[in-house]
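The values are calculated or read from the model by the stated rules, or taken from the named source; none is laboratory data. All values reported here derive from a predicted model rather than from experimental measurement. So basically every Cβ, Gly included, is an ideal-geometry build from the backbone, and we count neighbours across all protein chains shown.
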Amino acid sequence: MQSYGLVSIGSHTGAWLQNEFERFKNTKNILVEPVPYNLTELKRRISNYKNIIIEESAISDKDEKVPFYHVKRDSIGKLKKHWSSGIGSFNKTHLLNHRSKRFLISEIDIEEITINCLSFSSLVKKYAIKSIQKLILDIEGAEYKVLNTIDFKHIKINEIFFEKKHFDGFMKQGEKFNLIKSKLENNNYNLKDVDKENILATLSS
C-alpha cells in the first residue's frame, strides 16, 4: 500500500491545479479525467512531472461503462466561456441547465461518449492507496456518489476539497449535501466554506 499526496477527481486541463502540483512535487499523485480533449491538454501540462499518474476514467459509485456528456471542442470558442470544457456530466440536462443569456448552449453543442467509470474503492485498489494528503472533487454533482462510498475506516484522507453547489441537482443543496456533511463530521472532519461553491474538510489531528 502507498501514500499519495494529491488525488484529483475531475482534473479538467490541470490549469487550476498548478499550485497543487508544486505543493505535492515530492509525492505520488493521481489525476482523474475522462474528457479526451481535456486529457490531451492535461498530459501536455504535466509532461515535466514524473510523479503524476493520469487515470483516464470517471469516478462514481460502481464500476461500469456509461454515457457521458461534454461540450464539443469546436463549441468552446463559440460559447465564449473557457469553463465550458469543465462541465461534463453523466446527465446531459446538467449541461443544458447552464444556459443563460451569456452562455447559449444547446443540444448541438453537446457530445455523448462512452467512458470507463470506477468506484472510489476500485481506484484505491488499482493504485494500492493507503492514504491521501489532499483529495479534490470537481465532478458536477457526482460528488455525493463518491463521498458517500468512501470508507474512512480503511483510508486516511487529510483534506477533502469539494464542490458543493450541485449536490441535490443543478445549483441545489439539500438532503444529500446534509448527509455528506454529517458523514464527514462523524469521521472527525472540520468543514469550512472556501467560497460560495466549495468546501474544505480537514481531518482533526
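With the structure loaded, tell me whether I132 is part of a loop (DSSP other than H, G, I, E, B) and either under 15 Å from S8 (Cα atoms) or assigned by TED's automatic domain parsing to the domain that holds L31 (or both) or whether it fails that test. The answer is no for I132.
Condition check ((1) touching a helix residue (DSSP H, G or I) at 6+ places or on another chain (Cβ under 7 Å); (2) modelled with pLDDT of 90 or more; (3) among the aromatic types (F, W, Y)) across all residues:
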| site | (1), (2), (3) |
| --- | --- |
| W83 | no, no, yes |
| V124 | no, yes, no |
| T149 | yes, yes, no |
| F152 | no, yes, yes |
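Could you go through region 176-196 and let me know if any residue there is more than 16 Å from D61 (Cα to Cα), within 14 Å of the chain's Cα centre (by Cα) and at pLDDT 95 or above. Within region 176-196, not a single residue is more than 16 Å from D61 (Cα to Cα), within 14 Å of the chain's Cα centre (by Cα) and at pLDDT 95 or above. Among residues that are loosely packed, with under 13 Cβ neighbours inside 10 Å and assigned by TED's automatic domain parsing to the domain that holds F167, K50 is included.
Among the residues of region 24-47 satisfying the criterion of being in a strand (DSSP E or B) and hydrophobic (A, V, I, L, M, F, W, C), which is surrounded by the most Cβ atoms within 10 Å (Cβ to Cβ)? Filtering first and then ranking leaves L31. In region 56-104, the residue that is nearest to K145 (Cα to Cα) out of those that are surrounded by 15 or more Cβ atoms within 10 Å (Cβ to Cβ), aliphatic (A, V, I, L, M) and not assigned by TED's automatic domain parsing to the domain that holds L17 is I87.
Applying the criterion of at least 2 residues that are assigned by TED's automatic domain parsing to the domain that holds T93 and farther than 18 Å from I136 by Cα to the strands (runs of 3 or more DSSP E) found wholly in region 152-205 leaves an empty list.
Considered as a group, the residues in region 86-103 that are of a type in the set (K, R) and out of contact with any strand residue (DSSP E or B) (no Cβ under 8 Å at 6 or more places or on another chain) include one that is nearest to S11 (Cα to Cα), and that residue is R99. Among strands (runs of 3 or more DSSP E) entirely within region 50-128, having at least 1 residues that are over 15 Å from the mean Cα position of the chain (by Cα) singles out 52-55, 64-71, 110-119.
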